[in-house]
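The structure under discussion appears below in the form of structure tokens.
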Amino acid sequence: MGNFHNNPLPNNHFRKDWQERVKTWFNQPGRKQRRHRNRVRRAASLGARPLKTLRPAVHCHTVRYNMKVREGYGFTLTELKQAGIHKKEARGLGIKVDYRRRNLSEEGLKTNVDRLKDYKARIIVFPKRTRRSILLKKEGKEDDTGKDKRFARSDVPVKQVDSSTYTRSAVPLPAPVHEPPRAITAEDKSHNAYETLRTAWQWEKDANKRIQAAKKPDEQ
């Protein structure tokens, strides 16, 4: 093989014993089944605990996908406050919290607040450490306060667990609401969206000036 132009000299190594260094992955299907069995066994051992953490309902980005509703990362502090849940308490209840997300619409805020209230009405929280459990532990007995007989299935094989008798799935996502098509009215034609947005932006920007102007007559 000749060498053309300003290229390096060919120095190919075709005599390496690569078959000794190759790594196979023939146990991948077995590992998949084993992970599935472990997940089912762990779900059965958790009892009435939800399988997944609760996440908010958000709309996708861009004009192409914004009509679809999906699960977001976590609830905002405003949503948690209106639902009556503290941000530190939410983690113990299986609720995700997102400190960066903001609410940009009243509809989205109301949807997620209702989602939190629905979840809060369903969930039953058993205290981990009570006075009764401490006394029973000193006596060498076991506290069965937080154990529901419907979910005590340790003696039942995993394949016989009937999931139709109880629900442990998260609160379902709300169905997206689409406005039906309609004819364009004269009010729609006369409405200037750009002017409306700029007026609202300027009104919010001058909020501090209005507050200071309202204080001056009181001071005089």
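Since every read-out is calculated from the coordinates, none of them should be taken as a lab result. Keep in mind that this is a model prediction, so the values were computed, not measured. We place every Cβ from the backbone using ideal geometry, glycine too, and count neighbours over all the protein chains shown.
Tabulated values for the structure
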| quantity | calculated |
| --- | --- |
| Nearby lysines by direct alpha-carbon distance to K138 (threshold 24 angstrom, same-chain neighbours under 8 apart not counted) | K128, K147 |
| Flagged links, alpha-carbon separation over 25 Å, of K88/K209; K52/K81; K52/K87; K87/K117; K68/K88; K81/K209 | K88/K209; K68/K88; K81/K209 |
| Alpha-carbon Rg with Dmax, taken over the range 167-216, Å | 20.8, 61 |
| Cα coordinate range in the range 9-143, projected on the principal axes (Å, largest first) | 74, 60, 25 |
| Cβ-placed point charges (K, R +1; D, E -1), dipole of the range 1-80 about Cα centre in debye, nearest 20 | 600 |
| Net charge contributed by nearby residues that have their C-beta within less than 15 Å of F26 (K/R +1, D/E -1) | +4 |
| Cβ-based net charge around L197, under 14 Å, with every Lys or Arg adding one and every Asp or Glu removing one | 0 |
| Fraction of the pair-distance distribution of the range 43-113 above 17 Å, Cα-Cα pairs, percent | 47 |
| Net charge of Cβ neighbours under 14 Å - reference R55; Lys, Arg +1; Asp, Glu -1 | +2 |
